[in-house]
1. What are the ³J(HN,Hα) couplings of region 36-43, residue after residue, when phi is run through the Karplus curve with 6.51, -1.76, 1.60 and θ = phi - 60°? Round to Hz, x for glycine and proline.
2. So what are the ³J(HN,Hα) numbers for region 57-66, from phi and the Karplus equation (6.51, -1.76, 1.60; θ = phi - 60°), rounded to whole Hz, Gly and Pro as x?
3. Name the long-range amide H neighbours of residue 106: under 5 Å, sequence gap of 5 or more, or other chain; modelled H, no Pro or chain starts.
4. Sort 80, 175 so the one with the fewest other Cβ atoms within 10 Å of its own Cβ comes first.
5. Using label points projected 7 Å from each Cα along Cα→Cβ, tell me how many nm separate residue 65 and residue 39, to one decimal.
6. Near the amide H of residue 75, under 5 Å away, which other amide H atoms are found, from residues 5 or more places off or on another chain, if H is placed in the peptide plane?
7. Calculate the FRET efficiency for residue 186 and residue 80 from the Cβ-Cβ distance with a Förster distance of 25 Å, rounded to the nearest 0.05.
8. Return 155, 169 ranked ascending by Cβ neighbour count within 10 Å, so the fewest neighbours appear first.
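Just so it is clear, none of the values below were taken in a lab; they were calculated from the coordinates. The structure displayed is predicted, hence computed values, not measured ones. No Cβ is skipped: glycine too gets one built from the backbone with ideal geometry, and neighbour counts run over all protein chains shown.
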Amino acid sequence: MEETDPEELRILFRENQNLQLLNLSGNGFTRLHSDIFKTNTKLEKLDFSENFLLYTDWLSSTLMHLCSLNLKESRIFTIDSRTRQVIDNLVHRYNYSVGDVDRIHLNLANNPISCGCDQEEFARSRWCEFEAEIALYERKPIILVTLGDVKIRSLPSSLRKVCFKCTSLEWPGADNQDKLEDFWGKLIKAIIKFTADIRY
C-alpha cells in the first residue's frame with residue numbers, strides 16, 4: 001500500500017497535460033499531493049475508488065472539465081471547502097435529479113463522511129443538499145447533529161425536511177459533562193432504533 005502518491009506519478013501527470021480519463025482504483029493510496037492534477041485541466045473522468053484515501057484536498061478548481069468523479073469505498077471522512085466547490089460545480093453543471101441513476105457521475109458511496117452542517121455555508125451548498133436528497137429518496141436513516149446555531153429557514157428545502165421530520169440532537173459542548181452523557185445516550189438509542197427499523 002502506498003503511503004502517498006510517489007513523485008514519479010506527479011511527474012507522469014505533469015507531462016501528460018492532455019489526459020482526459022484516469023482510473024487508479026484499488027491501488028491502496030492513502031493520500032495524494034495537493035497539486036497532483038495542477039496541469040491536468042482537460043481531465044474529464046477520474047476514478048480513485050476502492051483506495052484508502054482519507055482526504056480530498058488534491059481536488060482543485062483547475063479540473064474545469066471534470067464530469068465524472070468516483071471515490072466510492074474509501075475512507076474519506078471530511079470534505080474541505082475547495083473540494084466542495086469542485087463537487088458543487090460538478091452537480092450544478094449536470095443538473096442532477098434524484099432518482100435519475102443513469103446520470104449520476106459523482107460516486108462517494110461507502111465513505112464515513114461527516115457533514116459539517118455547523119457551518120451554514122456548507123449546509124447551503126448544492127453538495128450537502130444533494131446528499132440529503134439522496135438519503136431521503138433512498139429512505140436511509142438520518143440523524144442530524146448540530147454543533148452550533150443553524151438558521152433553519154436559510155437551509156435548502158431537503159435539509160429543512162430533515163430538521164423537521166428526522167431525529168435531531170444538539171451537541172452540548174465538550175465542557176458540559178452531564179449533558180454530554182445524556183447526548184451520547186440519546187444518540188446511541190437513536191442509532192439502535194434506526195438499525196432496527198431498516199432490518200428486513
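1. For region 36-43, the Karplus-derived couplings read 4, 10, 4, 9, 9, 6, 8, 4 Hz, x marking Gly and Pro.
2. In residue order, the calculated couplings are 5, 7, 6, 9, 5, 5, 7, 5, 9, 4 Hz.
3. 69
4. 175, 80
5. Output for this residue pair reads 1.6 nm.
6. Sorted by chain and number, the residues that satisfy this are 53.
7. That gives a FRET efficiency of 0.25.
8. 169, 155
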